[in-house]
Amino acid sequence: MAEQQQGRAPRLYVFSGAGLSAESGISTFRTGDGIWTRANLDEVCNYLTWRRNRPAVFRFYNQRISECADARPNAAHRLLAQWQDTWGTERVHLVTQNIDDMLEQAGARQVTHLHGDMISLLCTDCDYRFPASGRGLDPKAACPACGEVEGVKPGVVFFNEAAPEYETLWRIQQAMTPDDLFIAVGTAFEVIPPERLLPPGRVGPYARNFVVDPAPRRTECFGVVERNPATVGLPNIAETVERMMAGE
């Protein structure tokens, strides 16, 4: 049993990638025949060029929204939301690279979207983020704060654009203690490696480091390697997670 620091209950940090939502029918961007093998990244997801490609940018993300219209949270989303409901947002921190809202639809009350989302718009003139109205992103939407239209972009973080929520990763590294749990699910670590997520002393086969993925990478950084899709792998480790969260 891990010795809890100053009697504080263990916390759970979950870092998820595209594999978490793939079983809901949402296309991945990088793995396999991901979207970036079929789309021009520089045209639709480059902060340095997006303004001159603005119509194509909005068409691209509205197509992504249309593709996700029939998607529903899967068992893995629901289990993570259940854990957050059970132990609270102070103990269960859900951090995702995904731009969909499947975790929120599953009932999660607080989710950090490292790369933004498809349900908001961002005014690059005054840095004001606001919710999109309707089912798509309106390229004619004016910023409620400053009235600008041409400077408004989809709320997804583009390449070469600052990602403010990356500060969350640093705070997690600083805050994580030996009794806390860390689960990486459905990520290939191509964008963010384990070294950016775990304290230096935990980058190894630590018993409270879990990875869930059918083809896991960087397995040397995890004490528990669950070689299954998220909807199978997360339930498989649920008993262990719940026991550890109870302080055992």
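Judged by the gyration tensor of its Cα atoms, with axes a ≥ b ≥ c, the chain is prolate; a/c meets the 1.5 cut and a/b is the larger of a/b and b/c. Between residue 40 and residue 190, the C-beta separation translates, for a Förster distance of 22 Å, into a calculated FRET efficiency of about 0.70. When 101, 180 are compared by accessible area of protein heavy atoms, the largest-first order is 101, 180, using a 1.4 Å probe. Relative to the current alpha-carbon distance between residue 170 and residue 128, full extension at 0.36 nm per residue lengthens the span by 12.8 nm. Reported to the nearest whole Å, the Cα centre-to-centre distance from the range 131-182 to the range 51-96 is 12. In this structure the chain gives 47 Å² per residue of accessible area when probed at 1.4 Å with all protein chains present. Expressed as a whole percent, the accessible area of the range 118-248 that falls on carbon and sulfur atoms is 52 (1.4 Å probe).
Selection among 132, 154, 92 by position relative to the dipole of the range 67-166 gives 92 as farthest towards the positive end (Cβ unit charges, Cα centre). With the cut-off at 1.5 for a/c, could you classify the range 156-227 from its C-alpha gyration tensor as rounded, prolate or oblate? Oblate, since a/c reaches 1.5 and b/c is not below a/b. By the Cβ rule of 4.7 Å, the chain holds the following cysteines without a possible disulfide partner: 45, 68, 221.
The values are calculated or read from the model by the stated rules, or taken from the named source; none is laboratory data. For clarity, every value in this text was computed on a predicted model and none was experimentally measured. Because the Cβ atoms are built from the backbone with ideal geometry, glycine has one as well, and the counts that use them run over all protein chains shown. Side chains included, ligands, DNA and RNA excluded: accessible areas come from the protein's heavy atoms. Shrake-Rupley method; radii C 1.70, N 1.55, O 1.52, S 1.80 Å.
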